[in-house]
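Since every read-out is calculated from the coordinates, none of them should be taken as a lab result. As the structure is a prediction and not an experimental result, all values here were calculated from the model. Every residue, glycine as well, gets a Cβ built from its backbone with ideal geometry; the counts of neighbours run over all protein chains shown.
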Amino acid sequence: MDTIAKILVVDDESAICDALKEVLEYESYAVQTIQSAPEALKLLENEQFDLVISDIKMPEMDGLEFLEKLRLLRDVPVIMITGHGDIDTAVASIKAGAFDFITKPLDLNRLLISVRHAQERQSLVTETRQLKKKVNRRYEIVGESPAVQELKAIIGKVAPTDARVLITGENGTGKESVAHWLHEMSHRAGNPFVEVNCAAIPSELIESELFGHEKGSFTSAIKQRKGNFEIADHGTLFLDEVGDMSLSAQAKVLRALQENQIVRVGGEKKIQVDVRVIAATNKDLRQEIEQKNFREDLYHRLGVILIHVPPLRERLEDIPLLVDHFMKLSCEHQHMPQPQVTEDAIAALKQLPWRGNIRELNNMVERLLILCGSTITGEDVERYANR
């Protein structure tokens, strides 16, 4: 460990506190002891610890009540200490969120192993949070223009519901970001977000991709496979470029949405699924319906809520914020210092047609970062712009 882990021991018996402090400090942990659960909660309001070890049987407030209040206060692993006669209570503590429990008389080797495992798990949790934060930054919706403010307001209203959403907009406008935020701001956020690019999967494989298949259902089906509807159970399924889905797959998706059930390719068993479906397209689905390329009944099933993502040319005032956002992300990724972007560079960027929208601007910022010096000017923009 790069830093010394801080452990709080909560036990009304001073002998237990002293013994645990001695053993844990010998193992190079920073240890603080306290003999009252209410006092421990007051301490934890202001101080951060990496692990808490708490007795279950204590006056004033027992370990289970302490655990319950602590979980509302901080996300920290807790190891409970219990007597042999309190195993049922110890099991209840695990159900209530404790990491582990150790019975008295204490097996110190067992305790140290549990402490080490708790620290490893907490490191993984912290790492996962940091990765998720990076993902969130990648899909952040940046801008203060009226168009973006309206978009954020709609997302805020729709995200907490289970309503299906159809996101429309040109290529590169950020439809995927909208889908991610609809998921992140919903009650399904802790469950899978599964993305399917309907345009990238051959039409003969899309049904297997969505619904899975049974072994032997077609030549290359050498084993049973779950589809994305099953993988996304209790989460969100994002059907990107849904306008490119085959009519056969459309019929099966419609049935799945109507019945909340799917059947694997080559199978007969109906499998119950609880999935929120969000779809996106850059096509005019009304026109596709007229041309018999898209089912009108599926359109109405998918488009309970319609969200249109504006093109960059309709929100040029957001370019300074977008440039700063993409520049910071690119500098972190490329391990480069952030250059100064002059006002005439921003003015030059606002003059470009941006046929590729936000995606094109992101690429442009990375190009300028790599090819220019510590200052990016309007001349640099003119030189490296794709016209």
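Against the chain, whose longest principal axis comes from its Cα atoms, helix 175-184 is set at around 30 degrees. Look at (1) -0.62, -0.96, -1.07, -1.17; (2) -0.49, -0.90, -1.06, -1.23; (3) -0.79, -1.01, -1.05, -1.09: the one that is log10 I(q)/I(0) by the Debye sum over Cα atoms at q = 0.09, 0.12, 0.13, 0.14 Å⁻¹ derived from this structure is (3). Taking a label point 7 Å from the Cα of A199 along the Cα→Cβ vector, which residues of region 270-311 have an amide N closer than 14 Å to it? It comes to 280-285, nothing else. The simple Förster model, with R0 at 41 Å and r as the Cβ-Cβ distance, assigns K328 and D274 a FRET efficiency of 0.60. Phi angles across region 273-283 convert, under the Karplus curve 6.51 cos²θ - 1.76 cosθ + 1.60 with θ = phi - 60°, into 3J(HN,Hα) values of 9, 10, 9, 8, 9, 10, 10, 9, 7, 9, 9 Hz, Gly and Pro given as x.
Amide H contacts for V277 (H built 1.01 Å from N in the peptide plane; partners 5 or more residues away or on another chain; cut-off under 5 Å): L237.
Contact order, relative form, for region 139-307: 29 percent (alpha carbon pairs under 8 Å, 6 or more residues apart, mean separation divided by residue count). Phi-derived couplings, Karplus 6.51 cos²θ - 1.76 cosθ + 1.60 at θ = phi - 60°, listed residue by residue for region 329-341: 5, 5, 5, 4, 5, 8, 6, 10, x, 7, x, 7, 10 Hz, with x used for Gly and Pro. Each Cα pair under 8 Å and six or more residues apart adds its separation to the average, and for region 243-387 the resulting relative contact order is 20 percent. Ordering E379, E288 by the number of other Cβ atoms within 10 Å of each residue's own Cβ, fewest first, gives E379, E288. For the chain, the 222 nm mean residue ellipticity estimated from helices alone, with every DSSP H stretch of n ≥ 4 adding -39500 (n - 2.57) and the total spread over all residues, rounds to -14500 deg cm²/dmol.
Extension gain for I113 to R138 (0.36 nm times residue separation, less C-alpha to C-alpha distance): 5.2 nm.
Just to be sure I understand the curve: with the Debye formula and one point per C-alpha of region 313-384, what is log10 I(q)/I(0) at q = 0.15 Å⁻¹? Here the Debye-derived log intensity ratios amount to -0.42. The angle between the Cα long axis of helix 357-371 and the longest principal axis of the Cα atoms of the chain comes to about 70 degrees, rounded to the nearest 10. Restricting the calculation to Cα atoms, every distinct pair contributes to the Kirkwood radius of region 139-307, found to be 16.5 Å. Multiplying the residue separation of E343 and R74 by 0.36 nm and removing their Cα-Cα distance gives an extension gain of 92.4 nm.
Once backbone amide H atoms are built at 1.01 Å from N, I102 has M80, I81, T82 as its partners under 5 Å, excluding neighbours fewer than 5 places away on the same chain. Couplings 3J(HN,Hα) for region 187-193, derived from phi with the Karplus relation 6.51 cos²θ - 1.76 cosθ + 1.60 (θ = phi - 60°), are 6, 8, 4, x, 10, x, 10 Hz, where x marks Gly and Pro.
Report the Cα centroid-to-centroid distance between region 240-278 and region 332-387 in angstrom, as an integer. Going from one Cα centre to the other spans 43 Å. When the chain is treated as a GNM with alpha-carbon contacts under 10 Å, the residue of V115, V365, V178 showing the greatest mean-square fluctuation is V115. Residues T82, T281, T103, ranked from the fewest to the most other C-beta atoms within 10 Å, line up as T103, T82, T281.
DSSP assigns beta bridges within the chain; of those with both partners inside it, close to 10 percent run antiparallel.
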